[in-house]
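First comes the structure, then the notes that go with it.
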Amino acid sequence: MPLPKKVSSSSKLNAKDRVYQQLRAWIITGTLAPQEKISDQAIAALFGVSRTPVREALQLLATQEFVEMIPRSATRVTAVATDQISAIYRPLAALQGLAAELAATKITATELERLTALNQRYEQAQQQNQPQAVLVADNDFHNFILQVAANQYVSEFSQLVNAHAQRIENFYLDQLNVQQPDAVREHNEIIMAIAADDAVAAREQMERNWLRSLRMLEACVKNES
């Protein structure tokens, strides 16, 4: 298992959460490849922790379908759910749409400026032809809207489903067009709807943005067949 040689430590997280968050990030980005075996002993040594928090982290990842734990056999990274794109993106569009609707009723002027700046960073990453930075900036934009919406359940469910969406996008990163002016325009329309306190338009524009991503990824799958 080609694990990185070192990991950053954080005193703000307990051992299980630190291992969980790092492993999930590696799975999403492909650092840990699909079907790759995971050694809890190797991970424990890397993080400088006992095997107990590692196993707890792996159990949580298993419930979220990022790994599969085969009794008395092995723990493996799950396959990327390329056959579940619609099942992932349609509920994600609805959740993110609800977040935008809620944000439209709560956002402050300072938060609106921050949201605009995040979209500008997203556009700059596209212009600089940096695919990974594009994904990160896009995710930061949507996560900030979740933060403004301030609904624990919408945020938790959305972030879990979005983690699987990010994994799919990383899997097809080489096939995706980095230059996506339509996405920047859709983000601007979301911002304008939120700024105008138009909750219905904010939800509709957000859903449209995610469903466009769905169509792009479905085209990637079709091109493979």
Worksheet item: Once the Cα atoms of helix 109-127 and of the chain are each reduced to a long axis, what angle between those two axes, in degrees from 0 to 90 to the nearest 10, is obtained?
Response: 70
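With loop defined by DSSP as not H, G, I, E or B, and exposure as at most 12 other Cβ atoms within 10 Å, which is the longest segment of the chain clear of exposed trypsin sites (Lys or Arg not before Pro)?
Numbers: sites that count: K5, K6, K12, R72.
After excluding every exposed loop site, the longest remaining stretch is 73-225.
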Worksheet item: Are there GluC sites (Glu not before Pro) in the range 55-157 that DSSP marks as loop and that have at most 14 other Cβ atoms within 10 Å, and which are they?
Response: E65
Worksheet entry | Shape box of the range 1-118 [Cα atoms, principal axes, largest first, Å] | 51, 38, 21
Fill in: Crossing angle, helix 51-63 versus the chain [Cα axis fit, 0-90 degrees, rounded to tens]
50
Discussion item. Probe radius 1.4 Å, ligands and nucleic acids left out: which of M206, M216 has the largest accessible area, and how do the rest follow?
Written reply: M216, M206
Response to the item:
Two pseudo-spin positions, 7 Å from Cα along C-beta at T105 and at A45, lie apart in nanometres by 5.5
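The values are calculated or read from the model by the stated rules, or taken from the named source; none is laboratory data. Being a predicted model, the structure only gives us computed values, none of them experimental. For neighbour counting, all protein chains shown are included, and Cβ atoms are generated from backbone atoms with ideal geometry for every residue, glycine included. Note: accessible area is taken over every heavy atom of the protein model, side chains too, but ligands, DNA and RNA are not part of it. Shrake-Rupley method; radii C 1.70, N 1.55, O 1.52, S 1.80 Å.
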